[in-house]
Amino acid sequence: MKRPTMTAVAEAAGVSVATVDRVLNGRLPVRGPTAMRVMEAAQRIGYHASDLMRQRLLGGGNTPARTLGFILQINHDPFYAALAEALQQAAAAQTRWRCRAVVRVVDALRPAALVQAMHELAEQADGIGIVAGDHPQVNEAVAVLQGRGCPTVALLSDIGSPLRAGHVGLDHRKTGRTAAWAISRLSKVAGEVGVFVGSHRFIGHELTEMSLRSYLREHAPGFQVLDAVVNREDPDLAYEATLTLVDRHPDLVGLYLPSGGVPGVLKALRELRGHEHHIVTVASELSPLHREALHEGLIDLVIATPKAAVAEAAVQLLCEALDAAGQPWAPRMVYPPFDVHTPENT
């Protein structure tokens, strides 16, 4: 009787001969579920190298090997650079699963660019985490990838797809109310409050704005929240928007920045020194720039994401979703406590 060939393994697993070769020799990465299917087919038909496949896939033990992909935004932003490093460290530190993290950056808010990156990354990743606005194209891509056995976790801001594996990020209701508390307590007078968002598609930004308004209505009705300004997390747009906002609203007493584009806002605030009164400013995330602005008095409070906690939760959630493949799964929400920074504790 002839020994089973690589072609026979490919037919039994429903993949190409090239994919079997990649699993056997480790020439290029193959998604975990596909690699496992090849290994199981090889064992089932008695392929002579099936034990070698198992050893290379499982390291001789029972720990699954997984590639987790993450799509972040704004390549030049220190926050995202630090988050990328945290994700890679969290994946490498796993003991229950053997993981590695692959991080890509989509430096644009266009859904089409993100969706393309999702499909490309899913070719080599078993599961992916994305920073994304809530958009029909993104939600459709999540459904397609889920159908292929590649779960998706929303990072930082949630999305509307019921097929996402879950969401890891701050409790935006609490961050918005915390920002409102700070502005109402630190401002010497009541007045108008401005809010900058990256996009109306970010559910996180929408929730923070709603919660800011809710707190002020309840506890400080003398403060009026203006219509949110979209800055697309672009420093140049944020700079122009800040100058325009102060020019049109000379009674502006507060500014909440849950989005990016902060360098532009700070540039404008420096130029506005000597304004009739101090504008209480609450920003998100702590970078060297934010730290300097806190000490300079341009920013009064920073609400920061604990990057290590978010990274660890994202890696664990993706791995648990992969373990539950084929079983009922309800999206899970993880909200690590946020950090609060002032000039006195930073």
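Using unit Cβ charges (K, R positive; D, E negative) and no other charged atoms, how large, in debye to the nearest 20, is the dipole of the chain about its Cα centre?
Numbers: 33 positive and 36 negative charges, 321 e Å.
Using Cβ point charges on Lys, Arg, Asp and Glu, the chain gives about 1540 debye.
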- Query: Using Cα atoms only, what is the angle between the long axis of helix 136-147 and the major principal axis of the chain, expressed in degrees (0 to 90) to the nearest 10?
  - Reply: 30 degrees
- Query: What does the charge dipole of the stretch 150-231 about its Cα centre add up to, to the nearest 20 debye, if the Cβ of each Lys and Arg holds +1 and the Cβ of each Asp and Glu holds -1?
  - Reply: 180 debye
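Grab the other residues whose beta carbon is less than 12 angstrom from that of residue 273, score K and R as +1, D and E as -1, and report the net. Walk me through the numbers before you get to the answer.
On the way: positive: 267, 270; negative: 271, 276, 296.
Residues close to residue 273 contribute a combined charge of -1.
Stretch residue 112-residue 18 to full length: gain in nm at 0.36 nm per residue minus the Cα-Cα span?
Details: separation 94, 0.36 × 94 = 33.84 nm, distance 3.01 nm.
Taking residue 112 through residue 18 to full extension adds about 30.8 nm, to one decimal.
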- Message: If you average the alpha carbon positions of the stretch 127-156 and of the stretch 250-267, how far apart do those two centres end up, in angstrom?
- Response: 31 Å
- Mind jotting down the distance between the C-alpha centroids of the stretch 81-97 and the stretch 268-314, whole Å? 26 Å
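Under 10 Å from the Cβ of residue 223, count the other residues' Cβ atoms, weight Lys and Arg +1, Asp and Glu -1, and hand me the total. Can you show the working numbers first?
On the way: positive: 213, 217; negative: 192.
Charge balance in the 10 Å sphere: +1.
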- Message: Using a Förster radius of 41 Å, what is the FRET efficiency between residue 189 and residue 76 based on their Cβ-Cβ separation? Nearest 0.05, please.
- Response: 0.65
- So what is the relative contact order for the chain, in percent, with contacts set as C-alpha pairs under 8 Å and at least six apart? 15 percent
- Using only Cα atoms, find the angle between the long axis of helix 32-45 and the longest principal axis of the chain, and express it within 0 to 90 degrees, rounded to the nearest 10. 10 degrees
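Given the -39500 (n - 2.57) contribution per DSSP H run of 4+ residues, what per-residue ellipticity at 222 nm results for the chain, rounded to the nearest 500 deg cm²/dmol? Don't skip to the answer; put the middle values down first.
Working: 13 runs with 161 residues, N = 346.
Theoretical 222 nm ellipticity from helices: -14500 deg cm²/dmol.
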- Note on the structure: Exposed-loop cut sites defined as GluC sites (Glu not before Pro) in DSSP loop states with at most 14 other Cβ within 10 angstrom; longest site-free run of the chain spans 124-275
- Note on the structure: For the chain, longest principal axis from Cα atoms; helix 203-219 axis from its Cα atoms; angle between them, nearest 10 degrees, is 30 degrees
- Selection from 160, 331, 212 lying farthest towards where the dipole of the chain points positive, charges on Cβ: 331
- Message: For the chain, give me the percentage of DSSP beta bridges that are antiparallel, rounded to the nearest 5 percent.
- Response: 10 percent
- Once Lys and Arg are counted +1 and Asp and Glu -1 for all other residues with Cβ under 13 Å from that of residue 330, the total becomes +1
- So, in nm, how far is label residue 5 from label residue 119 when the simple model puts each one 7 Å beyond its Cα toward the Cβ? 3.4 nm
- Task: Give the accessible area for residue 168 in Å² (nearest 10); use a 1.4 Å probe, count only protein heavy atoms, and leave out ligands, DNA and RNA.
- Result: 0 Å²
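The values are calculated or read from the model by the stated rules, or taken from the named source; none is laboratory data. Source: prediction; values computed, not measured. Methodologically, a virtual Cβ is constructed for each residue, glycine included, from the backbone with ideal geometry; neighbour enumeration extends over all protein chains shown. Accessible surface is based on the protein model in full, side chains and every heavy atom, while ligands, DNA and RNA are left aside. Shrake-Rupley method; radii C 1.70, N 1.55, O 1.52, S 1.80 Å.
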